[in-house]
Amino acid sequence: AGGEITADFGVVNATAGYYNFKDMGEKNSNIDNAIWFVGAGTSFGDFGLNAMYLKGDASAEGVSSSDIDKALDDDGWTVGLTWKGAEADKAGSYGLFANYYDQGAQTYVDHTTDANTFGMTGFKGYGVGANYTVAKNMVLTAAYYDTKSKFDTSDKDKIMWTDLTITF
């Protein structure tokens, strides 16, 4: 269960929310996680800037919360910059984006980035990319991600990702 509130304050939009996940993982694992977050974004001309802070509160039956906090970082943040942006209904539109992530394992359940998030160790790194509307309702995206585990910083990954999204 969870919820999110958003508000527009003129040049700045803000969001805050809470999501609570129960009985995650294997059957009868009794692992829970609650994630709180606050974020803000603004636009100036063709540019957009956004940031978010996240705080996790994982628990597991028979494991102390201090042991979980020692093993799994419980806070994180992201920041992103965009320029223009492909619009699905406008062929020839395009944009660029860059994101930086520093997220502990308690701040996400199933991350939406195409980067390697190293399972339950937390990660940090960046992603850059571009998108282009090749035809109406067909957006091509190409991105490069360079991330590493927060638990073992020698565990690194670099990924090039492309996709074509077709909408109806």
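The values are calculated or read from the model by the stated rules, or taken from the named source; none is laboratory data. None of these values were measured; they are calculated from a predicted model. These accessible areas exclude ligands, DNA and RNA; they are computed on the full protein's heavy atoms, side chains included. Shrake-Rupley method; radii C 1.70, N 1.55, O 1.52, S 1.80 Å.
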- Query: Which whole-Hz ³J(HN,Hα) couplings does the stretch 133-139 yield from phi under the Karplus relation 6.51 cos²θ - 1.76 cosθ + 1.60, θ = phi - 60°, glycine and proline marked x?
  - Reply: 8, 6, 7, 3, 6, 10, 10
- Alpha-carbon centroids, the stretch 125-168 and the stretch 79-119: separation in whole Å: 7 Å
- Message: Per residue of the stretch 87-94, what does 6.51 cos²θ - 1.76 cosθ + 1.60 with θ = phi - 60° give for ³J(HN,Hα)? Whole Hz please, x for Gly and Pro, Karplus curve as stated.
- Response: 10, 4, 8, 10, 4, x, 6, 7
- Note, ³J(HN,Hα) from phi for the stretch 99-107, Karplus 6.51, -1.76, 1.60, rounded to Hz, x at Gly and Pro: 9, 10, 10, 9, 10, x, 4, 7, 9
- Taking a straight Cα-to-Cα line shorter than 16 Å from Lys55, and setting aside same-chain aspartates and glutamates fewer than 8 residues away, one finds Glu4, Asp32, Asp69, Asp73, Asp74, Asp75, Asp102, Asp110
- Query: With the other protein chains left in place, how much accessible area per residue, in square angstrom, belongs to the chain at a 1.4 angstrom probe?
  - Reply: 60 Å²
- Percent of accessible area on the chain owned by carbon and sulfur, 1.4 Å probe? 58 percent
- Could you state the principal axis extents of the C-alpha atoms in the chain, from the largest down, to the nearest angstrom? 56, 38, 30
